[in-house]
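One structure below.
The values are calculated or read from the model by the stated rules, or taken from the named source; none is laboratory data. Predicted model only: the values in this text are computed from it and were never measured. As a convention, Cβ positions derive from the backbone with ideal geometry for all residues, glycine included, and neighbour counts pool all protein chains shown. Keep in mind that these areas ignore ligands, DNA and RNA; they rest on the heavy atoms of the full protein, side chains included. Shrake-Rupley method; radii C 1.70, N 1.55, O 1.52, S 1.80 Å.
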Amino acid sequence: MKFIKHFYVSKSIENVNRVISRLKRNVGQIGVYITTISTNPAEQLDIYHCSVLKQKYFRKSKDFTIVAITATHKEAVDFVTYLTEDCLKVRGDCNLKEYLLSDSFKGIIDDRG
């Protein structure tokens, strides 16, 4: 499990260091969703409840990259929507994978209220 340099954490997550520590140790958490860069070339991002990290595939695979930690699925979808709009403004396209891994991505600031 890796994190991008400027990963997003929603305001609803109170203790991000504890959440990250639990994610790395596969400890169950009720209100935590992760958004990852998809390993499927046909897709861009995946949204999972953190409980999927307990599955055999995720325990063995270290190839997934986390781009956001949110408390609800709706917050994760809102993040992806905002990220897509930002990518379109900055790059003129919606290639989220390249945008997230590029030097031009400086993170998403949640100033929307």
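Some notes on this structure:
- Neighbourhood charge, 15 Å Cβ-Cβ cut-off, centred on residue 44 and excluding it, Lys, Arg +1 and Asp, Glu -1: -4
- Contact order relative to length of the chain, as percent, for alpha carbon pairs under 8 angstrom and 6 or more apart: 34 percent
- Solvent-accessible area, 1.4 Å probe, carbon plus sulfur percent, for the chain: 51 percent
- Working note: Karplus 6.51/-1.76/1.60 with θ = phi - 60° gives segment 61-76 the couplings 7, 10, 8, 8, 10, 8, 10, 7, 10, 10, 8, 9, 5, 4, 4, 5 Hz, where Gly and Pro are set to x.
- Distant-in-sequence amide H partners of residue 45 (H built 1.01 Å from N, under 5 Å): 38
- R0 of 30 Å, Cβ-Cβ distance residue 52-residue 102: FRET efficiency to nearest 0.05: 0.65
- Pairs exceeding a 30 Å alpha-carbon distance, out of 24/89; 60/89; 54/89; 62/89; 11/62; 56/106: 24/89; 60/89; 54/89; 62/89; 56/106.
- Judged by the mean number of other Cβ atoms found within 10 Å, the most tightly packed of the peptides 45-57, 65-77 leads the ranking 65-77, 45-57.
- Accessible surface, the chain, averaged per residue in Å² (probe 1.4 Å): 60 Å²
- Under Karplus coefficients 6.51, -1.76 and 1.60, residue-wise ³J(HN,Hα) of segment 35-49 in Hz, glycine/proline x: 10, 10, 6, 5, 7, 7, x, 7, 10, 10, 10, 10, 10, 10, 6
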